[in-house]
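Please read the structure below before turning to the comments.
The values are calculated or read from the model by the stated rules, or taken from the named source; none is laboratory data. Please read all numbers here as calculations on a predicted model, not as lab measurements. Glycine also receives a Cβ, built like all others from the backbone with ideal geometry; neighbour counts cover every protein chain displayed. We work out accessible area using only protein heavy atoms, side chains counted, and drop any ligands, DNA or RNA first. Shrake-Rupley method; radii C 1.70, N 1.55, O 1.52, S 1.80 Å.
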Amino acid sequence: SQINAYNAIKYRKQIGAESIHIIADIYSRHNIHNHPITSMAEIALRCGANAVSFTSGSDQRNVQWCDELKKHIPKAKVYLSGNTTYKNVANLLQHFDGAFVGRDFEDQKWGGQPELNCVERYINSITK
């Protein structure tokens, strides 16, 4: 289920946890969106998110959107919310501030346990 962003930010303030950062996932390839990525980011950041994340499912589109977002909102922290592999992460991190990693740590078995050799391969591809 989806969390209500407004309620999450309001609750964070109520409990004095403003030091806990919220990353708003503003776009997923699994949902239909009718607004430009920059508009969704502006709204999320204006409402109290500390950063935004998205994935379109296409490396080229992800880079294009990230560059567009950073040009439009220069101080925005932008994370990739999926679709990174040890083969593409070094290039993508030249544009993004970070990335969420799942399946590539699990040898492409969604929901499995992280495998040390997969984590090492991924980290090594970034630190070369």
Exercise for the section: Please check which bits of the stretch 33-49 a label hung off residue 18 would reach, taking the label as a point 7 Å along Cα-to-C-beta and the cut-off as backbone N under 20 Å. Expected result: 43-49
Handout entry: Packing-based order for 18-25, 73-80, using average beta carbon neighbours within 10 Å, highest first
Key = 73-80, 18-25
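At a 1.4 Å probe radius, which order do 122, 6 fall into by accessible area, largest first?
Of 122, 6, the descending order of accessible area is 6, 122.
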Practice task
Could you check the simple spin-label distance between residue 60 and residue 85, using points 7 Å along Cα→Cβ, in nm with one decimal?
Solution key: 1.7
Practice task
Given a cut-off of 30 Å, name the pairs among 10/128; 10/75; 10/77; 75/128 whose C-alpha atoms lie farther apart than that in the structure shown.
Solution key: 10/128
Fill in the blank from the handout: Distance in nm between residue 113 and residue 75 label points, each 7 Å along Cα→Cβ, equals 4.5
Exercise for the section: Kindly provide log₁₀ I(q)/I(0) values, in the same order as q = 0.12, 0.16, 0.28 Å⁻¹, from the Debye equation applied to equal alpha-carbon scatterers of the stretch 79-128. Expected result: -0.22, -0.39, -1.09
Handout entry: Unit charges at the beta carbon, dipole of the chain: most positive-side option, 81, 99, 66
Key = 66
Exercise for the section: Order 72, 35, most accessible first, counting only protein heavy atoms with a 1.4 angstrom probe. Expected result: 35, 72
Handout entry: Computed over the stretch 1-89: relative contact order in percent, which uses C-alpha pairs under 8 Å that are six or more apart
Key = 27
Handout entry: Where labels lie 7 Å past Cα in the beta-carbon direction, separation of residue 100 and residue 46 in nm
Key = 2.4
Practice task
Hey, could you get me the Stokes-Einstein D for the chain, Kirkwood radius over alpha-carbon pairs, 25 °C and 0.890 mPa s, rounded to whole µm² s⁻¹?
Solution key: 156
Handout entry: Theoretical ellipticity at 222 nm over the chain - DSSP helices of four or more residues, -39500 (n - 2.57) apiece, nearest 500
Key = -11500 deg cm²/dmol
Handout entry: Solvent-accessible area per residue, Å², over the stretch 71-128 with all protein chains present [probe radius 1.4 Å]
Key = 66
Completion exercise
Carbon plus sulfur, as percent of the 1.4 Å-probe accessible area of the chain, comes to 51
Exercise for the section: Treat every Asp and Glu Cβ in the stretch 61-128 as -1 and every Lys and Arg Cβ as +1, leave all other atoms uncharged, and give the resulting dipole magnitude about the Cα centre to the nearest 20 debye. Expected result: 280
